[in-house]
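Single-structure report; data block below.
The values are calculated or read from the model by the stated rules, or taken from the named source; none is laboratory data. Model, not experiment: these values are computed from the prediction. Because the Cβ atoms are built from the backbone with ideal geometry, glycine has one as well, and the counts that use them run over all protein chains shown.
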Amino acid sequence: MTEDSIIVEIFYPHPVSKVWDALVDSESLAVWLMPNDFVPQVGHRFTFQPSEQQGWSGLIECQVTEVDPPKRVSYTWYNAPSKLDTLVTFSLDAAQGGTNLRLEHTGFESAGQAGMSIRDMLGKGWNSRVLREKLPAFLDGRPIT
């Protein structure tokens, strides 16, 4: 993590195409991240709807800013209660035996201490349960708990 960013780099023993599909297919995203109406098209506005199990009920409003298949996808991430507008970018690179994924979630510094607190909370989620448990389980075809 940096002052303004969450950065997570992780290797998955799956081809880039499979990881890419998990990142840009709305039904796949709903399984390992949150229910959504995502479409991988620049300018598309969509929402993530957290479940009660995810600890809050706020709608996350997003807009796709970049789609470069199968290498990179970016979208804004805005939660009205926090009034914090950030950017999520997933980058994929083929690696021996699988795929290197890099997540960058940026834009927290503009909200001062509140932004840093949100960065810390989201950083723990991205770097543990989401990218190290839920996405790998989805890619492996295992149940997500």
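All conditions in (1) of a type outside the set (A, V, I, L, M); (2) closer than 25 Å to THR145 by Cβ; (3) touching an Asp or Glu at 6+ places or on another chain (Cβ under 9 Å) hold for PRO35, with the sole exception of (3).
Condition check ((1) among the polar types (S, T, N, Q); (2) at pLDDT below 95; (3) on the phi < 0 side of the Ramachandran plot) across all residues:
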site	(1), (2), (3)
PRO50	no, yes, yes
GLY55	no, yes, no
GLY58	no, yes, yes
SER82	yes, yes, yes
ASP85	no, yes, yes
LEU92	no, no, yes
ALA95	no, no, yes
ARG102	no, no, yes
LEU122	no, yes, yes
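Picking from residues in region 86-145 that are aliphatic (A, V, I, L, M) and not in a helix (DSSP H, G or I), the one that is nearest to TYR12 (Cα to Cα) is LEU101. Of the residues VAL73, VAL16, the single one that is touching a residue at least 12 places away in the same chain (Cβ under 8 Å), buried (at least 19 other Cβ atoms within 10 Å of the Cβ) and closer than 18 Å to LEU122 by Cβ is VAL73. The set of residues from region 58-74 being in a strand (DSSP E or B) and over 17 Å from ILE118 (Cβ atoms) comprises GLN63, VAL64, THR65, GLU66, VAL67, ASP68, ARG72, VAL73, SER74.
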